[in-house]
């Protein structure tokens, strides 16, 4: 790539197109661009770093295979996370899973909200705050990891990766209302477990 076309200066869609056009460095640049965030998502979602790394590799293999079908007028990131989530769910289904929580809860007044943070109780630390407090971050991720998979994936996509409800619905092939109800259930569970942890620490 020449100086005028450094990977950091061009879009995901353009990098993918350059890959399709036979440019050897383009796909590697795309992987490096999304590696940290996608691996973090998969590790939180799956609760196992080795499995997350396998799913990461499988996701990019699938991206390579499916690249010719990508609509370059859309954002690549949600499509990539969709592929990764599907690979992770396939891997998790191969293990014995606990029963999913009831997902009938009503999101109530949050119908017009577009961000997980907007419905999270103020006592719960925000993602950027977790980074500076290792103990708190570990506690948050432990609680997230204890949630049933249908709740955990919605919470992780919203809370840690800031996807909008509609994007998550598209990524997981779920109705928008189901995403909202699962988010509501996840918030309630998380808040209850976080409160119990705080009370235990105070005791």
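The numbers here are math on the coordinates, done by the rules we state, and not lab data. All figures in this text were calculated on a predicted structure; none of them were measured in a lab. We place every Cβ from the backbone using ideal geometry, glycine too, and count neighbours over all the protein chains shown.
Key figures for this structure:
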| quantity | calculated |
| --- | --- |
| For peptides 186-196, 63-73, 162-172, sequence by mean Cβ density within 10 Å, most packed first | 162-172, 186-196, 63-73 |
| Segment 7-93: radius of gyration over Cα atoms, expressed as a fraction of 2.2 N^0.38 Å | 1.06 |
